[in-house]
1. Report, to the nearest 10°, how far helix 82-105 tilts away from the longest principal axis of the Cα atoms in the chain, using its own Cα long axis and a range of 0 to 90°.
2. Add +1 for every Lys or Arg and -1 for every Asp or Glu among the other residues with Cβ under 10 Å from the Cβ of ILE364, and state the total.
3. Using 28 Å as the Cα-Cα cut-off, could you pick out the over-long pairs in LYS447/LYS471; LYS717/LYS870; LYS823/LYS882; LYS429/LYS459; LYS225/LYS299?
4. Can you tell me the orientation of helix 873-882 relative to the chain, as the angle in degrees between its alpha-carbon axis and the longest Cα principal axis, to the nearest 10?
5. Ranked by Cβ crowding within 10 angstrom, fewest neighbours first, how are ARG163, ARG173 ordered?
6. At a temperature of 10 °C and a viscosity of 1.306 mPa s, determine how fast region 536-668 diffuses translationally according to Stokes-Einstein, using the Kirkwood radius over alpha-carbon pairs as Rh; express D in µm²/s, rounded to the nearest whole number.
7. With a 10 Å Cβ neighbour count serving as the proxy for reagent exposure, in which order, fewest first, do PHE445, PHE159 appear?
8. Over all alpha-carbon pairs in region 178-278, figure out the percentage whose distance exceeds 16 Å.
Amino acid sequence: MATDPKQINTTHTPGNDVELHEWLESIESLLRNEGPDRAREIFRALRDHLNNANVAMDDATLNTPYRNTISLDEQPQYPGDIETEEKLENVLRWNAMAMVLQGYDSGSGVGGHIGTYASAATMLEVGMNHVFRARTEDYGGDLIAIQAHAAPGIYARAFLEGRLSETQLKNFRRELQPGGGLSSYPHPRNMPQLWQMPSASMGLSTPSAIYQARFARYLENRGLKPHNGGKVWAFIGDGESDEPEVIGSINIAARENLDNLILVANCNLQRLDGPVRGNGKIIQELERSFRGAGWNVIKVIWSGEWDALFARDRNNVMQNRMDEVVDGDYQMYSVSSGDEVREHWVNGDERLAEIMHTLSDEEIRAIRRGGHDQRKIYAAFQRAINTKGKPTAILIKTIKGYGMEGHEGSNVVHQKKNLNAEERIESAKRLGITMPEDDIKAAQFYKPEDDSIIVEYMKRHRTALGGVLPKRTVNCPQLPVPELEYFKEQLNGSGERSISTTMAFVRILAKLLQHPDIGKYIVPIVPDEARTFGMEALFRKAGIYSFEGQKYKPVDSSTLMPYRESKDGQILQEGICEVGAMASFLAAGTAYAVHEIPTIPFYVFYSIFGFQRVGDMIWACGDMLARGFLLGGTAGRTTLNGEGLQHQDGHSPLVASTVPNMRSYDPAFAHELAIILRDGIDQMYHQQQEIFYYITIYNENYLMPKMPAGCEEGIIKGMYRFKASTTPVSGERKAHLFGSGSIMTEVLRAADILEAEGISADIWSVTSYNQLSREAQQIARYNLLHPEGPEKQSYVEELLTEEHGIFIAASDYMKAMPMSIQKWVPGDYTVLGTDGYGLSESRPDLRTHFEVSAEYIAYAAVVALHKQGKVALEDLNTIAGKLNIDSDKPDPALASPSRINSPK
Ligand SMILES: Cc1ncc(C[n+]2csc(CCOP(=O)(O)OP(=O)(O)O)c2C)c(N)n1
Ligand SMILES: [Mg+2]
């Protein structure tokens, strides 16, 4: 590389400092004669020398000057015809804008955005015409996360390609209209043929992309995917980079050498309300963060017009000014006239005035940022895809609303959904859209003929790159389902041994890992909690995935359960990073579409750090049609004892009910868990349904019974009679007790208490209130819409219709869970649950505190029978006394007794 002397500028100008001059001269000669690698080596040695002498380089910076990383002489030849590409881009810009304007004109109030795509169009077009490759026989295919608000531009492209109709474009943001509409943002769930990845929740597409790239490597290292490439591209906004999920997840990408990952930040310096960093420079800040995390960073700041100015900038006055001016000023330039820009920019410096002298005000105004120059973008993309051993972040400077007549760069441009008639005409003129003026005013779409130069050009280039993008295809083999017999250990019960449902789960997982057909597809995921769940035995057998293998001898190598890392390890050990673990779940759960490989993730986590910690990621899994099992471990507000308020989860299943395609279960026994997991594999990987699962697993040990005959269907539907009482009903004293999860142990004990009092008690296991209430709601809806009848009955009604007596439900979750089926329970129904914050206590005391102990369950049944006149008040009082029921106890949903009792 020939080095231009000015390119070695530091912010120091030597002036009369002879010593400094000499140092600079020698480094310059080094650079020229021996190249940048040697210069870097020497510079590092000098810096290390100072460090060793305890001279800290406090102002050492990870920044390079505010200019393009790739210099003019390193810039590759542009492979396309820029004139044609600009014509094409202009049509896309017009149609993308027209979609939003038509929506505005229709008065539907559905909104839309113009500014984001206007800033991103050129980078997306360079990628589409020359870089992004679709999946082919011998190429893995690129996965592209697009900035959500740039969606109209992607639709505009698909329209010219003939993939979307004019009706669909007209119905942008109106998905229910006849002829079909388009979703506001990338939502694979709503447009499964087009969108690959959701991105509308700012910040989540970065970890999603990172872990997709890592999972592709995992599949390759495990021999499930050929080493046939495929890049993951994530386009994000600069404002979006403030989300902690972005900067918080970038370390792993460098640690894992993910050179199949390219993140592009569209730095238009603005977000929704105003500047991203008015007083600083977002590009420089991101450069430091990414470089500090070990990424390759490429800045695209200035367009080609600046190259000539740089060539004249012998004393670095212009560069220094570029470094000095803050984003707020740059944003101001984008809305100012040429002379205003010149005046502020030159800032009284005659040398700078001299450099700018050759340009007219109009030329100064027209000078572009790098993100609007195809050559600069292409150079960066090209370098990124050829970078080895590191992920690349490309920071591209653009103008928000670029080309939007009268609005570009303004603070309100993000929300700009309308242009007046003159602005529309002016925009069309600028974009070279030739249509009758009325059509322009009405923001009609412009559709060139299929054999026009631009359409032919775009199609030819996509064909050369393997086909259209973004495109989602599903062509994944079905998996067989293990026979019931395969789970006989769980179906037969645990005999004399007390075990927990977590232990049962780990046994099932270990067995599935050995399964001849599906074993290799199982992906266990844990965020530094494997020992909590007793999964450490899997480390040795299945191995922990590490792309580097294991370079050290683990401290426990001589034990039966060593911490074994390996290149083809099957377990994803995510460390304490629930977002990362969820992103791995998302990658593994969508590999059936992304790679046509039906991996089955089992993500086991501390249940409270699931929905409430990473609920939005779970929602994104629903959007991306992920499959797999989420397992909420250490489940239940009172079953997890001692851990207290921030650990004891009494609400995840309730939140699970808010995810429409999630099936959630709260099993009590090992056989139930086995039936549910087997059914899940069947539903998701054999029948290929677009659903996923949340299952609670507990750490309380008890005897697991043998599965009662014929209950499989009930387990899956959500409820079955686990045990009918053998006590004859006398005086209509009949109780039905519903139990779930670990609270079933209390229900069993409550039944014994009741029976001892001569009350017949049947025990029902409710494996899923969510499944029961969903089905009942569906039936209720059907009956509402078909009042003529005959009425249909829900499963709960069918199951309970013949039952008499009173009904008591107890759950280790909020009362809202059992309440969800109240309408369909045919009789007096009392619910007990664990509303309120958890606290540190023993399990029995927690259950007393939350009033879900056997004593409270039995008491509730006796009260219900008393209300029906079947138990005398006297008897009720006697039983309450025996059960130690305290009527004046504070309500656990409202109070924290430890606080009440705390020392003053
Ligand atoms: C988690 C989240 N918070 C807020 C929003 C609302 N929102 C959508 S776009 C946007 C501004 C985006 O700015 P930037 O990332 O800089 O993208 P640009 O449009 O400027 O390219 C905001 C606040 C969102 N979609 N997601
Ligand atoms: Mg922005």
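1. Roughly 50 degrees, rounded to the nearest 10.
2. Details: positive: ARG342, ARG365; negative: GLU305, ASP339, GLU340, ASP361, GLU362, GLU363.
In short, -4.
3. Working: LYS447/LYS471 21 Å; LYS717/LYS870 33 Å; LYS823/LYS882 33 Å; LYS429/LYS459 25 Å; LYS225/LYS299 33 Å.
Over 28 Å apart, Cα to Cα: LYS717/LYS870; LYS823/LYS882; LYS225/LYS299.
4. 70
5. Numbers: ARG163 14, ARG173 20.
Sorted ascending by nearby Cβ count, the order is ARG163, ARG173.
6. Working: Rh = 16.3 Å.
Approximately 97 µm²/s, per Stokes-Einstein.
7. Numbers: PHE445 19, PHE159 23.
With the sparsest Cβ surroundings first, the list reads PHE445, PHE159.
8. Working: 3225 of 5050 pairs.
Here the long-distance tail beyond 16 Å is 64 percent of all Cα pairs in region 178-278.
Coordinate-derived values only; no laboratory data. For clarity, every value in this text was computed on a predicted model and none was experimentally measured. Note that we place each Cβ from the backbone using ideal geometry, even for glycine, and neighbour counts take in every protein chain shown.
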